[in-house]
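The values are calculated or read from the model by the stated rules, or taken from the named source; none is laboratory data. All of these numbers come straight from a predicted model, not from anything done at the bench. All Cβ positions, glycine included, derive from the backbone under ideal geometry; neighbour counts span all protein chains shown.
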Amino acid sequence: MNFCVLCFRVCRSDFCAVCDEALREAELVGERRFCKLPSTNGIVLSSYAYRGIGRDCVLACKSQGFRRIGPALVRRSLRCPLLQEALGRSDVIMPAPSSLWSRWRGSLDLASMLAEGLARHAGLLVCPPPRALSFRWRKQALRTHSQRRGVFRSRQKLYDASYFEPYRPTPLRSARLKVLIVDDVVTTGHTLSELAACFPQVEVEFYTLASAFRPGKDPAC
Ligand SMILES: [Zn+2]
């Protein structure tokens, strides 16, 4: 017997029919599934809108202790053919770094959970992001949007493809190493584009569970 991870009704899979339908309505469709990152050519694929039930799910999992929701959302997101295609093209998966500040507050690292779930499904390994970045982003988060822009990039350390060496499959799936960078929510896209900029020699793709993308705006929360 199974219980719905959201409402605890008895059901046969992760979500009962009612919650599954609500999540289906929160799914992004068509062009809304994509957002273009600032100052790069990167396109982020997202599954859900970060509002209503999409936002409730992420917050309940990350900060309210409903940890079963994370893996359930990851499994549900795998229904998306575009995500399946992205996984098929990728050699390594890397989660965006969670800040030490949020871990100290007890937030669950949903980005990491997402990376593990997708990697297990696709038979890939998860490469952790450079450790130094979680220190840096904590300070970044204290700055205003205009201060944040460019500050990180001017000081950032660059890594070559050997960073991924212990995690990449042999042979590679494509001519050049391709990394799927994942995060739980995309808000401004700065974290993702700055992370990708640390690895100028590798091809990257982006996937997030939910999108609150508003170009040029500060994160809503
Ligand atoms: Zn339910």
Whether any residue in the range 80-101 is within 16 Å of the ligand (Cβ to nearest atom) and either crowded, with 18+ Cβ neighbours inside 10 Å or at pLDDT 95 or above (or both) is what I want to check. no
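Can you find, within the range 26-37, the residue that is farthest from the ligand (Cβ to nearest atom) among those that are exposed (fewer than 15 other Cβ atoms within 10 Å of the Cβ) and either of a type in the set (Lys, Arg) or touching a residue at least 24 places away in the same chain (Cβ under 8 Å) (or both)?
First, pick out the residues of the range 26-37 that are exposed (fewer than 15 other Cβ atoms within 10 Å of the Cβ): 29-32, 36.
Filter again for either of a type in the set (Lys, Arg) or touching a residue at least 24 places away in the same chain (Cβ under 8 Å) (or both), leaving 32, 36.
Numbers: 32: 25, 36: 34 Å.
Among those that are exposed (fewer than 15 other Cβ atoms within 10 Å of the Cβ) and either of a type in the set (Lys, Arg) or touching a residue at least 24 places away in the same chain (Cβ under 8 Å) (or both), it is 36.
Could you tell me whether any residue of the range 4-17 is within 16 Å of the ligand (Cβ to nearest atom), surrounded by fewer than 17 Cβ atoms within 10 Å (Cβ to Cβ) and among the β-branched types (Val, Ile, Thr)?
yes
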Output the qualifying pairs, or none if there are none: Cβ atoms under 8 angstrom, residues six or more apart or on different chains, first residue in the range 3-16 and outside any loop (DSSP other than H, G, I, E, B), second residue more than 9 Å from the ligand (Cβ to nearest atom) and not basic (Lys, Arg). 3/10; 10/1; 10/2; 11/2
If I ask for residues that are without any contact (Cβ under 8 Å) to a residue 40 or more places away in the chain and either outside any loop (DSSP other than H, G, I, E, B) or in contact with a Cys (Cβ under 7 Å, 6 or more places away or on another chain) (or both), which ones from the range 171-212 would you list? 203
